[in-house]
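What follows draws every value from the coordinates through simple rules; no lab data is involved. The shown structure was predicted, so the numbers you read here are calculated from the model rather than taken from an experiment. Backbone-built Cβ (ideal geometry, glycine too); neighbour counts: all protein chains shown.
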Amino acid sequence: MTDTLSALLALTLFDTPAALTAAVVAVSLVGLSKGGLGGAFALMGVPVLSLVMPPVQAAALLLPILLMMDAVGLWTWRHFRDWAVLRAMLPAAMLGIFIGWMAAAYTSEALVRLLVGLVALGFVLYVALPRRSAAPVAGHRPVAAWIWGSSAGFTSFVAHAGSPPFQIYTLPLRLDPKVFTGTAVVFFAVNNLVKVVPYAALGQFDTRTLWSAALMLPLAVVAVLAGAMIVRRMRAAVFYPFMYAMVALVSVKLIHDGVRGLLGGV
């Protein structure tokens with residue numbers, strides 16, 4: 001049994017206990033996020049894996065796993081989605097992915113993380129101002145949908161960091177938590193599926209990466225279902241403060257990683 005497991009791991013990127021541990025932690029965090037439990041967990045996936053492998057390789061490893069998580073999430077939240085949000089944001093996201101693909105060779109991931117983090121933190125601070133507490137629920141804004149939708153597509157492609165721009169547009173709509181989660185699942189499922197072609201064209205997939213992703217798929221399914229189970233039991237009064245806290249946590253992490261990357265940190 002041990003020899004079989006060792007032979008299987010030899011086909012993957014998990015050739016050390018540290019690499020396997022990092023993969024388990026990263027996939028668990030991303031799965032909980034995909035189940036609806038806050039974008040901060042998803043943003044930790046690539047950084048955790050980057051402790052044991054290059055960041056680009058980490059992103060490529062996560063993409064097939066994200067697609068499986070998307071499939072589980074689509075089934076779990078199949079009755080909950082806001083089509084107006086999807087119609088407003090998905091075309092813009094496709095544009096953002098295309099721009100990210102064209103700029104992939106010239107764009108600094110550190111710079112993208114820093115900019116997204118600053119925008120997200122500014123949004124949370126703006127919402128936290130006392131005068132916002134009595135503000136009415138925002139309606140759909142076509143221009144804003146294109147701005148944040150394309151930003152979400154671009155940052156999702158470049159740095160797997162599409163949640164903050166998506167949340168900046170959707171959180172003020174004050175959707176029911178289940179509808180919010182189901183809509184986010186559809187939005188990012190489409191994004192991730194579209195990203196397969198440009199990622200493959202950029203040579204990001206190889207045999208070891210795909211075997212590594214396949215090994216993590218059962219854990220991914222369990223993590224997504226666990227996240228969904230938790231969200232289904234959260235009231236709106238708890239869900240939205242929690243989500244804003246998650247956005248704030250994401251922004252701090254992105255700013256830290258961006259500054260560190262621009263300063264040449266390893």
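Key figures for this structure:
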quantity	calculated
Listed residues Leu193, Gly139, Thr209: farthest to the positive end of the dipole of region 125-266 (Cβ charges)	Gly139
Gain in span if fully extended, Trp211 to Val56, counting 0.36 nm per residue against the direct Cα distance	54.1 nm
Computed [θ] at 222 nm, deg cm²/dmol, the chain (DSSP H ≥ 4; -39,500 (n - 2.57); rounded to nearest 500)	-25500 deg cm²/dmol
Per-residue HN-Hα couplings for region 68-81 [Karplus 6.51, -1.76, 1.60; θ = phi - 60°; Hz; x = Gly/Pro]	5, 4, 4, 4, 5, x, 4, 5, 5, 10, 5, 9, 10, 6
Spatially proximal lysines relative to Lys195 (Cα-Cα < 18 Å; intrachain offsets below 8 disregarded)	Lys34
The chain: relative contact order as a whole-number percent, Cα under 8 Å and 6+ apart	37 percent
Estimated vicinal HN-Hα couplings, Hz - region 166-179 in sequence order (Karplus 6.51, -1.76, 1.60; Gly, Pro = x)	4, 6, 4, 7, 8, 4, x, 6, 6, 5, 4, x, 5, 5
In range of the label at Ser108: residues from region 138-172 whose backbone nitrogen is under 16 Å from the point 7 Å along Cα→Cβ	159
Cα-based shape type of region 2-262, given that a ≥ b ≥ c are square roots of the gyration tensor eigenvalues and the cut on a/c is 1.5	prolate
Net charge of neighbours whose Cβ lies under 15 Å from the Cβ of Thr170, counting Lys and Arg as +1 and Asp and Glu as -1	+3
Peptide ranges 147-157, 22-32 listed from the most packed, as the mean C-beta count within 10 angstrom indicates	147-157, 22-32
Size of charge dipole - region 2-262 - debye, nearest 20, with Cβ of Lys, Arg +1 and Asp, Glu -1, no other charges	960 debye
Counted charge near Val56, where neighbours are those whose Cβ lies closer than 15 Å (Asp, Glu -1; Lys, Arg +1)	0
All aspartates and glutamates inside 13 Å of Lys178 as judged from Cα atoms, apart from same-chain residues fewer than 8 positions distant	Asp82
GNM top mover of His256, His160, His79 - the chain, alpha-carbon springs below 10 Å	His79
